[in-house]
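Below is one structure, written out as structure tokens, with a few remarks after it.
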Amino acid sequence: MEGTFSRLIRVDLSSGAVRYDEARQEDVKAYLGGRGLGLLLASRSGFRRGVDPLSPDSPLIFASGPLAGSGMPLSSRAVAVFMSPLANRWSYSTVGGSLAVIMRYAGADVLMVTGRASRPSYIVVEGGRAEVRDASGLWGMGTLDAERALKEVHGDDSAVAVIGPAGENMVRFASINHETWRQFGRGGGGAVMGSKNLKAVVFVPSGRAVEAADPEMTWAMISEMTRRLATGAKSYRDNGTLGTIDAGNGTGFFPSLYWTRVSAPGWRRISWFDVLSKYYYTGKRTTCLHCPVACHKTVASRRYGGYVELEYETAMALAGLTGVVDPDELIQLAHVVDDMGLDSITTGNVLGLLAYLTERGAVSPGEGVRFGDAARMRELIFMIARREGIGKVLSLGAKEAAKELGHPEAAVEVKGLEPAGYDPRTLKGMALNYAVAERGADHLWASAYAVDIPGLAGGRQATGEEKVRAVMDLEERNAVYDSAVLCKFGRNAYGWDELVRSLNAVTGFDYTKETLRQVAQRIIVLHRLMNGTTVEEDRLPPRWLSEPVEFEGKSYVVTEAEWRSMLMTYYRLRGYDEEGRPTKETLEALRVSLVQTGQG
């Protein structure tokens, strides 16, 4: 059988109307679910880039994927698709936990929300039906208390997506939180929810089964992938993502002191192997639903009490970019960022930007902050969430904040989104990754660090066609991972053959390696068309192209020639012209319609 993934619920918060629909199976086969189908639905919504992302008509789409609920390992990620108020372009974010699976158990494969409620509200989905309820009593709560309160009403087995004060105040990089420490983090989806007066979405399971087209083959693939992940994701199981702190600082790609260094002064104080694992790790390792890896590491503050599940990107942003290399202070900052409902990567970037400008005399010490000043950083996080004082400026994100502060050249961003924990001056594949990513400086668009760090495709400094092809292969697999939906930490286990067999077993479709690649390429090209992206938006920040970083006696920079050479090779191989636009032949080959995107 085919087509168990199709249930689409549309909620208009302005009118309160709820509509029940079915996704077309030809669309599911062509775009899968998650990111792919979410983008397709967004392209057909009538909402276009250039209109205020925080207007009532702006759609917010929560999408599960066809593998969710099948029991396939790592298949519990969900995707939110929206027009980013930070980057002013179509974007998406993903989250682990249980949301994708519980969505399907609640009877919604996709939930599409438009409009604006007249008062604080939340949506409950149960038994395939949706209802809008009053959330006035939750408004103003941090994400931790709000999620706890909703679970008291709807049960511990419900799945909650919730915003904090940052989302309510429409901070442009507000997150949507789930299961305490998991987030739809990037791009400002929490601000879109806040603009709709939507505090939360709750999915309540009414069943525990998702039917697979070929149950016998599905179980065989579940067993095979569980075995493969035992070795393919061993480093994540043993060390989570925090082991990358040592790798990044030890080999020189850890962004520090707002992109002026690639190893943080005093970084050994937050070393995973020497400090965090020995003195702060609680021994508690948690997992997303249907995941045998269990990469999440819970660390507790010895000075302040309390604990968080800490990730590499948060440590990089809140310690590396800010200079706060005190473990207790880092844990405290991470807790506040999560509870306020902020993207930790952008938060660390804007705090680092302010410190960078303060120490250069461009911002007064009373208004700014010094690198390493944890107390002031914590105060600034609350000010950002409330959009008070200098926090109102920082709430715009690095690009706009730098403009407001009179130094646009200081901002490190691509397409309005701040980068994550991999400096492209020492990892050249990341230069291409950041340049072509539709979300902006998005490390997970192609996960090129997975090519660069082990020195594949010619080595870390290589920029030739071999490197470009290697990055493109991961870019395409990531498009499938985000649409199936699967966690990218399975990339060493889920190759193309495994993806084809897993998807065919669950969906009943007849993908081949080539046709599944075309699905990925179609998703990538559709997203580019929706944003109308050209070469001008694929530019890297001037500081990466002009300011070298030093590491172990050597100087590193991305040259203009390297950026352009990689980009032109990528355009040629992807089927774009020299302006970065997909050619007519590419669109026809992938069956992507300009009419769908509204760009034609």
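The values are calculated or read from the model by the stated rules, or taken from the named source; none is laboratory data. As the structure is a computational prediction, the values presented were derived from the model and not from experiment. Please note: Cβ atoms are built from the backbone with ideal geometry, for glycine as well, and neighbour counts cover all protein chains shown. Ligands, DNA and RNA are excluded from the accessible area calculation, which covers all protein heavy atoms including side chains. Shrake-Rupley method; radii C 1.70, N 1.55, O 1.52, S 1.80 Å.
Descriptive notes on the structure:
- Matching option when the condition is open to solvent by less than 30 Å² (accessible area, probe 1.4 Å) and on the phi < 0 side of the Ramachandran plot, among S277, S344: S344
- Taking the conditions (1) under 30 Å from M316 (Cβ atoms); (2) at pLDDT 95 or above; (3) surrounded by fewer than 24 Cβ atoms within 10 Å (Cβ to Cβ) in turn, S235 satisfies each one other than (2).
- Selected residue (criterion: farthest from A441 (Cα to Cα)) from residues of segment 409-423 that are in a loop (DSSP other than H, G, I, E, B) and of a type in the set (G, A, S): A411
- Sole residue being modelled with pLDDT of 95 or more, under 24 Å from S6 (Cβ atoms) and either surrounded by 22 or more Cβ atoms within 10 Å (Cβ to Cβ) or of a type in the set (K, R) (or both), chosen from V162, V132, V171, V125: V125
- When M568, M530 are checked against the criterion of being more than 17 Å from K415 (Cα to Cα) and surrounded by 15 or more Cβ atoms within 10 Å (Cβ to Cβ), a single residue qualifies: M568.
- Some residue of segment 244-261 being in contact with a Ser or Thr (Cβ under 7 Å, 6 or more places away or on another chain), of a type outside the set (F, W, Y), touching a residue at least 24 places away in the same chain (Cβ under 8 Å) and open to solvent by 30 Å² or more (accessible area, probe 1.4 Å): no
- Residue identified as among the basic types (K, R) and over 30 Å from T251 (Cβ atoms) among R572, R539: R572
- Filter result (in a loop (DSSP other than H, G, I, E, B), in contact (Cβ under 8 Å) with a residue 60 or more places away in the chain and not aromatic (F, W, Y)) within segment 151-178: I163, G164, N169, M170, V171, R172, S175
- Where strands (runs of 3 or more DSSP E) sit wholly within segment 267-377, none has at least 3 residues that are closer than 21 Å to G187 by Cα, within 26 Å of the chain's Cα centre (by Cα) and not aliphatic (A, V, I, L, M).
- Of everything listed in (1) open to solvent by 10 Å² or more (accessible area, probe 1.4 Å); (2) in contact (Cβ under 8 Å) with a residue 24 or more places away in the chain; (3) at negative phi, the single unmet condition for R19 is (2).
- Conditions (1) more than 27 Å from T241 (Cα to Cα); (2) surrounded by fewer than 22 Cβ atoms within 10 Å (Cβ to Cβ); (3) under 24 Å from the mean Cα position of the chain (by Cα); number of the one not met by G575: (3)
- Summed over segment 479-509, the residues that are assigned to a helix (DSSP H, G or I), surrounded by 21 or more Cβ atoms within 10 Å (Cβ to Cβ) and of a type in the set (F, W, Y) give a count of 2.
- The residues listed here are R148, R208; of these, the one that is open to solvent by 40 Å² or more (accessible area, probe 1.4 Å), assigned to a loop (DSSP other than H, G, I, E, B) and of a type outside the set (S, T, N, Q) is R208.
- Filter result for E147 (acidic (D, E) and touching a residue at least 24 places away in the same chain (Cβ under 8 Å)): yes
- Residue satisfying condition, being within 20 Å of the chain's Cα centre (by Cα), surrounded by 24 or more Cβ atoms within 10 Å (Cβ to Cβ) and aliphatic (A, V, I, L, M), within set A191, A108: A191
- Selection of first residues in segment 286-315 that are within 25 Å of V101 (Cβ to Cβ) and without any contact (Cβ under 8 Å) to a residue 40 or more places away in the chain and of second residues that are of a type in the set (K, R) and assigned to a strand (DSSP E or B), restricted to Cβ pairs under 7 Å at least 6 apart or on distinct chains, gives the following pairs, ordered by first then second residue: T298/K284.
- Checked across segment 404-411, the condition of being in contact (Cβ under 8 Å) with a residue 40 or more places away in the chain, more than 22 Å from E329 (Cβ to Cβ) and of a type in the set (D, E) holds for at least one residue.
- Yes/no for V451 being at pLDDT 95 or above, out of contact with any Asp or Glu (no Cβ under 6 Å at 6 or more places or on another chain) and in a helix (DSSP H, G or I): yes
- Whether a residue is among the β-branched types (V, I, T), buried (at least 21 other Cβ atoms within 10 Å of the Cβ), under 20 Å from R48 (Cβ atoms) and in contact with a strand residue (DSSP E or B) (Cβ under 8 Å, 6 or more places away or on another chain) was assessed, and V592 passes this test.
- Residue within segment 510-531 that is in a loop (DSSP other than H, G, I, E, B) and in contact (Cβ under 8 Å) with a residue 40 or more places away in the chain present: no
- Unique residue being open to solvent by 30 Å² or more (accessible area, probe 1.4 Å), among the hydroxyl-bearing types (S, T, Y) and under 13 Å from W259 (Cα atoms) when the list is S555, S546: S546
- Evaluating G187 against the criteria (1) closer than 23 Å to T346 by Cβ; (2) in contact with a helix residue (DSSP H, G or I) (Cβ under 8 Å, 6 or more places away or on another chain); (3) assigned to a loop (DSSP other than H, G, I, E, B) leaves one unmet condition, (2).
- Of S64, S45, S91, all but one fail to be over 30 Å from T218 (Cβ atoms), of a type in the set (S, T, N, Q), buried (at least 20 other Cβ atoms within 10 Å of the Cβ) and touching a residue at least 40 places away in the same chain (Cβ under 8 Å); the exception is S91.
- Check on A334, of a type in the set (A, V, I, L, M) and in contact with a strand residue (DSSP E or B) (Cβ under 8 Å, 6 or more places away or on another chain): yes
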